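Comments concern the structure below.
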Amino acid sequence: MNAPHTLRLPRPDDAHVHLRDGAAMAHAAAATAAQFGRAVVMPNLRPPIRTTAEALDYRARIVGALPPGHAFEPWMTLYLTDDSDPAEMIRAKASACVAGVKLYPAGATTHSDAGVRGLRALDDVLAAMAEVELPLLVHGEVVDPDVDVFDREVAFLGRELGPLLARHPRLRVVLEHVTSEAGVRFVEQARPGVAATLTAHHLLLDRNAMFQGGLRPHLYCLPLLKRSSDRRALVAAAVSGSPRFFLGTDSAPHAEGAKLAACGCAGCYTAPVALQLYAEAFDAAGALDRLPDFASRFAAEFYGWLPSRDEVVLERGATPVPEQLPFGDSLVVPFRAGGEVGWRWIG
Ligand code: DOR
Ligand code: ZN
């Protein structure tokens, strides 16, 4: 088992991130742009990003909020709704700025109320996406209240994703933030063109962490953290060297007050220490040598991006994580707040 002191890798890409909007966006976007060369930016604003024109406006706001001279490239996504139409998919692809279209089953998660209620009625939209090679990015959880919240991903695979892949054999699909062993097996065995993102928090923690010594609202995210056997399957997938599994933080900041509420929001804000967290997970698995492809190559290959141009360096060593960080007019509590990460960002 190797335990290098220094870790060098091509600048990584984050294939799934929430940058929000308005004043908070400047902080979230700067944190992501400090580590990643490119990111796939989720469209679940209020109102959601539904058209290519809205995505291009949002992209301009993100770029405008970054310090001048930044090389960060945001790749945009459209929010699929029951009213989405095929022509918009063709415009999205032609923009060369939209990486994919996000499917939120209505009610599955934060700002998903405008999401999809009748997936089968969207077959013409999905066919257009397959035709122009615009990937579908899936929040893979059923919303059926009769299904236990810990089983909603597994139920989605059989009820929705399997049939969808069969109906659209050429559609490229990313099962976002896969959290279960069954999800890993599904993606491993799926036809070509099916991939998954893995978050750092799901690689590092199981559901016990949410209740350790009390209720831990900052570890509440969707899909929920799962069993330790699921976590082990996610780690095995991440370090497997399979190009189907790549880095997507799902960093999802919420103002502190929105987390610490009677009905708190889902999301972990990992962006400020994202690569350090992945390095911890890969190091614990004795597989640091697998991190560069997972973090810097496989997403680019999936999305057809050029190889990363520059390099980043981490050094082994405990680094404190602040208790809070600025977030627009408010504050956000980052993942590991008040603790430390095992790697230092050198740049
Ligand atoms: O934990 C989550 N937070 N999961 C999601 O699917 C959405 C995200 C958010 O936007 O806050
Ligand atoms: Zn997300």
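A compact table of results
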| item | result |
| --- | --- |
| Glu340-Glu323 pseudo-label distance in nm [points 7 Å out on the Cα-to-Cβ vector] | 1.9 |
| In Hz, Karplus ³J(HN,Hα) per residue of segment 207-213 (6.51, -1.76, 1.60; θ = phi - 60°; x = Gly, Pro) | 5, 4, 4, 5, 10, 6, x |
| Backbone N under 12 Å from the His5 label point (7 Å along Cα→Cβ), restricted to segment 312-327 | 315-317 |
| Distance (nanometres) between label positions extended 7 Å along Cα→Cβ at Glu73 and Arg46 | 3.3 |
| Debye equation applied to the C-alpha atoms of segment 49-114, log10 I(q)/I(0) at 0.16, 0.17 Å⁻¹ | -0.58, -0.64 |
| Extended-chain gain in nm, criterion 0.36 nm per residue less alpha-carbon gap, Ala121 and Cys263 | 47.9 nm |
| Helical segments meeting 18 Å axial Cα length and Kyte-Doolittle -0.5 threshold in the chain (DSSP H) | 22-35, 52-65 |
| Sorted peptide list for 97-109, 294-306, criterion being average Cβ within 10 angstrom, highest first | 97-109, 294-306 |
| Among beta bridges that DSSP assigns inside segment 192-347, antiparallel share in %, nearest 5 | 65 |
| Pair Leu331, Arg309: separation of 7 Å Cα→Cβ label points (nm) | 3.8 |
| Accessible area, probe 1.4 Å, largest first, for residues His254, His16 | His254, His16 |
| Whole-percent carbon and sulfur share, accessible surface of the chain, 1.4 Å | 54 |
| For the chain, calculated [θ]222 nm from helices alone, where every DSSP H run of n ≥ 4 adds -39500 (n - 2.57) | -9000 deg cm²/dmol |
| Qualifying aspartates and glutamates (Cα of each under 12 Å from Cα of Lys102; at least 8 residues distant if same chain) | Glu176 |
| Scattering profile of the chain at q = 0.08, 0.15 Å⁻¹ [log10 I(q)/I(0), Debye over alpha-carbon scatterers] | -0.34, -1.36 |
| Most to least packed among 158-169, 134-145, 60-71, 263-274 [average Cβ atoms within 10 Å] | 263-274, 134-145, 158-169, 60-71 |
| 1.4 Å probe accessible area per residue over the chain, in Å² | 40 |
| Separation between Cα centres of segment 287-337 and segment 86-134, rounded to whole Å | 27 |
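The values are calculated or read from the model by the stated rules, or taken from the named source; none is laboratory data. Given the structure is predicted, the values throughout are model-derived calculations rather than measurements. Because the Cβ atoms are built from the backbone with ideal geometry, glycine has one as well, and the counts that use them run over all protein chains shown. Accessible surface areas use protein heavy atoms only, side chains included; no ligands, DNA or RNA. Shrake-Rupley method; radii C 1.70, N 1.55, O 1.52, S 1.80 Å.
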